[in-house]
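The values are calculated or read from the model by the stated rules, or taken from the named source; none is laboratory data. On a predicted model such as this, the values are computed, not experimentally measured, just so you know. Reconstructed Cβ throughout: ideal geometry from the backbone, glycine too, with neighbour counts over all protein chains shown. Calculation scope for accessible area: heavy atoms of the full protein, side chains included, ligands and nucleic acids excluded. Shrake-Rupley method; radii C 1.70, N 1.55, O 1.52, S 1.80 Å.
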Amino acid sequence: MGTNPLFVPPHTLLFAQNGLVLAVRFDPEELVVEGSPVPVLDRAWVEGPTAHVDVAADGTVVYLPAGGASQPELRVVDRQGQSLPLEVPSLPRQNLSDPKLSPGGRRLAITAGDGQLWMVDLPTQTTTLLSESAFYPIWTNDGREILYGSTRSRSYDLYRVPADLSRPEEKLLDRDRNLRTAAMGPDDLLIFRDEVPGKGMDLFTWSDLSDTSTIEPLMTGPDDELSPALSPDGRWMAYNSDLSGQDEVYVTAFPTPGGRIQISSGGGFSPCWSTDGDEIFYAVSYTHLRAHETVL
């Protein structure tokens, strides 16, 4: 389904679809399209169903570039805090969010625009579209599948798709509440977030994705528990909570949570572990990161 159709004389029709601007040959006398649409104007800003594009009477096309709309971009930060852009020209020039590296770090799963799930092979910069409606992607431990939430129905449901597209995407869980994939544990145990009406965000584990009876509560306190991240040895879980009145990063034991250790001070969210388990990185704002040496 396309939106914002624009006629470009003499035989072209532009329209927006899934965060992209497409062009197709159009016969204005017979009012029929010919052939298949192809992506064009990859730098144009597409916001939801709206493409910030227009056409003059003489056929001149003007557009607002995505970069001019202060869209987030991918960046790589080294140990000295130097930040460099990670350019992937074949990715749509739209909002990019939820980047997740595969085990081994060769591939990147990322959400673009209004929910397109893309996979990027970083050495070759080859991109593959995995889903038209996906958020919060996470990899299975063997790197063969990606799990994610989707809003294609009344609430967020859980889905999965193989990274090689050998099977169609598959719905895993629909609780008629907002669900989010969160982390993978040992033996591909899934940690997911459940938005409980009238209460807030809780965390659950699911050990066998073919059997919903294996879903168990992990953290169901009065506060919102978000963004769990497991240590490399699987013994500890970092997460953020609003227990103090603002989001802070905490660490607790896994798989049986006990006491919590507060890691951040003055705010923190979205923790992740170093590959050796000696540090936890977390965000203090959308532009600043911190590292904390673990003493566990």
Study note, to complete from the structure: Length-normalised contact order of the range 62-168, Cα under 8 Å, at least 6 apart, in percent, tallies to 15 percent
Practice item. Compute the separation of the alpha-carbon centres of the range 234-296 and the range 180-220 and state it in Å as a whole number. Key: 19 Å
Check your understanding: Can you work out ³J(HN,Hα) from phi for every residue in the range 17-23, in order, using Karplus 6.51 cos²θ - 1.76 cosθ + 1.60 and θ = phi - 60°, giving whole Hz and x for Gly and Pro?
Key -> 7, 6, x, 10, 9, 10, 10
Practice item. Give the share of C-alpha pairs in each 5 angstrom bin for the range 148-266, from 0 to the last occupied bin, in whole percents, shortest bins first. Key: 2, 11, 20, 23, 19, 13, 7, 3, 1, 0
Exercise for review: Note down the nm distance, to one decimal, between modelled labels 7 Å out along Cα→Cβ at A56 and at D174.
Suggested key: 5.0 nm
Revision key, fill the gap. The relative contact order of the range 170-255, taking Cα pairs under 8 Å that sit 6 or more residues apart, comes to a percentage of 19 percent
Check your understanding: Roughly speaking, what is the stretch gain from H11 to S90, that is 0.36 nm per residue apart minus the C-alpha to C-alpha distance, in nm to one decimal?
Key -> 25.8 nm
**Study point:** Relative contact order of the chain, defined on C-alpha pairs under 8 angstrom at six or more residues apart (%)
**Key:** 7 percent
Review point. Which of the listed residues, P37, V76, G2, is farthest toward the dipole's positive end in the range 1-153, when Lys, Arg count +1 and Asp, Glu count -1 at the beta-carbon?
Key: V76
Check your understanding: Say R0 is 41 Å: what FRET efficiency, to the nearest 0.05, do D208 and E34 get from their beta-carbon distance?
Key -> 0.20
Review point. Taking a 1.4 Å probe, which of L179, L101 shows the most accessible area, and what order do the others take after it?
Key: L101, L179
Practice item. For the chain, take the alpha-carbon Rg, divide it by the Kirkwood Rh, and send me Rg/Rh. Key: 1.02
Exercise for review: Find me the longest stretch of the chain that has none of the exposed GluC sites (Glu not before Pro), where exposed means in a DSSP loop (not H, G, I, E or B) with at most 15 other Cβ atoms within 10 Å.
Suggested key: 88-296
Revision key, fill the gap. Here D for the range 215-296, in µm²/s, from Stokes-Einstein with a Kirkwood Rh over Cα pairs at 37 °C and 0.692 mPa s, works out to 258 µm²/s
